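J.: Can you read through this structure? Questions will come right after.
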Amino acid sequence: MEIESIWSGLGAGIVIGLIARILVPSMQPIGCLMTILLGIVGGASGALIGSAAGWGFWLTFATQIVIAAVLVAIVAALFRKSNT
């Protein structure tokens, strides 16, 4: 694995995580690192689904954001319940 692919995955995770966090309503009690991690997981999952289905860039990108947004909502709900 090349260092450029690691940096591009991290950058994509940041962008996807931030967009997903903006799309999820209410206050999320998760930090920046968790947002980036969920963005990376959502991005990788969406990329696998998009490439397996043969989708183009925009549909794959939308899938990555939707998956990351669902992950942000789930993890934020888990953190919210554990804090109360």
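No lab work stands behind these numbers, since they all come straight from the coordinates. Since the structure is predicted, the reported quantities are computational estimates derived from the model, not experimental observations. Using ideal geometry, Cβ is built from the backbone for each residue, glycine included, and neighbour counts are taken over all protein chains shown.
J.: Give me the pairs: first residue in the range 64-77 and in a helix (DSSP H, G or I), second residue among the charged types (D, E, K, R), beta-carbon distance under 9 Å, and six or more apart or on different chains, which are they?
T.: Matching pairs, first to second residue: A68/R21; A69/R21; V72/R21; A76/R21.
J.: Show the residue pairs that are 6+ apart or on different chains and have beta-carbon atoms under 9 Å apart, the first residue being within the range 38-49 and closer than 10 Å to I16 by Cα, the second being not in a helix (DSSP H, G or I).
T.: From residues that are closer than 10 Å to I16 by Cα, the pairs are L38/I30.
J.: Do we find that A73 is over 13 Å from A12 (Cβ atoms) and either in contact with a Gly (Cβ under 7 Å, 6 or more places away or on another chain) or surrounded by 14 or more Cβ atoms within 10 Å (Cβ to Cβ) (or both) in this structure?
T.: yes
J.: Out of all the residues in the range 1-35, which are assigned to a helix (DSSP H, G or I), farther than 13 Å from Q64 by Cα, β-branched (V, I, T) and in contact (Cβ under 8 Å) with a residue 24 or more places away in the chain?
T.: Hit for the range 1-35 is T35, nothing else.
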